[in-house]
Amino acid sequence: MSDSLLTDTARRLAAVGVDNPRLDARLLWAHARGDGVVFESFVSRREAREPLAYITGRKEFWSLEFEVGPGVLIPRPETETIIETALAAFPDRTVPLNVLDFGTGTACLLVAFLKEFINSRGLGIEKSEKARGYAIRNIAKHDLGSRCAICAGDWADAADGPYDVVLSNPPYIRASDIAGLQSEVSRFEPRQALDGGADGLSAYRALAPEIARRLCPKGRFFVEIGTGQSDEVADILGGAGLEIAKVVGDLAGIPRVLAGGLRW
Ligand SMILES: C[S@@+](CC[C@H](N)C(=O)[O-])C[C@H]1O[C@@H](n2cnc3c(N)ncnc32)[C@H](O)[C@@H]1O
């Protein structure tokens, strides 16, 4: 890529508010494999604030590559906190765990978990048909078809289990906050993956009893929360008979994951 093309492209992207314009320009060029016409179409999409990952069709999570695109939430680095917390709770990676992932999206959590816990099996439940397509392809891409399945439906439709581990990164943004998010998120990512209702907590209210009735007596849950939601979500989970053992911060120090089990 010539310096002048890099500078011009970065300037175009910066002008519309793209965060890392030079990096994005380089990545789009690499993805276009030097084809100028294809590159221009990618740059136009990025100028319209379409997420870079939707244009390249991939995103890394837990050092694994996932297929992404319109219709599925792009995996976020802070969600890796769920995997880190689960690894700390189960130091023996050979233990055969039965895991359920509520709202599986790309299946990033399920795939990362099953790659770490090599004798475990998993089920992902997902309401969105488009997202399920990505989940199924990502499971095949990582060769996990024999150890996991994706089920269509609402939270309550997940098979009864019981499960040793329940994971979830549910939608938790207040409905009224969505329009104010970055354009890449508010205009392109699926509303169903973001919208947590009027107070951001509706998915937790629906999920709490579903988690409680599917966990083994010594099972563990790991649930992602939005900024500032830890007390409220802990109350909701507690009301369903779940006990919080740990609140774990992400790399920015923001409380991000509630971990615990059934109250005894
Ligand atoms: C925040 S995204 C998380 C996706 C993925 N687990 C991740 O961490 O990147 C929440 C997911 O839950 C799904 N979802 C929302 N409401 C649901 C419901 N009632 N039943 C099942 N899945 C639901 C959405 O379609 C979306 O894929």
Check: Among all residue pairs at least 6 apart or on different chains, which show Cβ distances below 7 Å where the first residue, located in the stretch 148-159, is among the charged types (D, E, K, R) and the second is surrounded by 14 or more Cβ atoms within 10 Å (Cβ to Cβ) and in a loop (DSSP other than H, G, I, E, B)?
Finding: D154/K127
Item checked: Residues of the stretch 61-90 satisfying the condition of being of a type in the set (D, E, K, R), away from the ligand (no atom under 13 Å from the Cβ) and not in a helix (DSSP H, G or I) -> E65
Next item on the list: Quick one: which residue in N138, N119 is assigned to a helix (DSSP H, G or I), outside the structural domain of W29 (by TED's automatic domain parsing) and either touching a Cys at 6+ places or on another chain (Cβ under 9 Å) or more than 15 Å from the ligand (Cβ to nearest atom) (or both)?
Entry: N138
Next item on the list: Report, by residue number, each residue of the stretch 203-221 that is free of Cβ contacts under 8 Å to residues at least 60 places away in the same chain and within 18 Å of the chain's Cα centre (by Cα).
Entry: Y204, F221
Notebook entry, point to check: Which ones in the stretch 91-116 are part of a loop (DSSP other than H, G, I, E, B) and either on the phi > 0 side of the Ramachandran plot or charged (D, E, K, R) (or both)?
Noted result: D92, R93, G103, G105, A107
Check: Of the residues in the stretch 222-247, how many are buried (at least 20 other Cβ atoms within 10 Å of the Cβ) and either without any contact (Cβ under 8 Å) to a residue 12 or more places away in the chain or among the polar types (S, T, N, Q) (or both)?
Finding: 1
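The values are calculated or read from the model by the stated rules, or taken from the named source; none is laboratory data. Just so you know, these numbers come straight off a predicted model, no measurement behind them. A quick note on method: Cβ atoms are made from the backbone with ideal geometry, for glycine too, and the neighbour counts reach across all protein chains shown.
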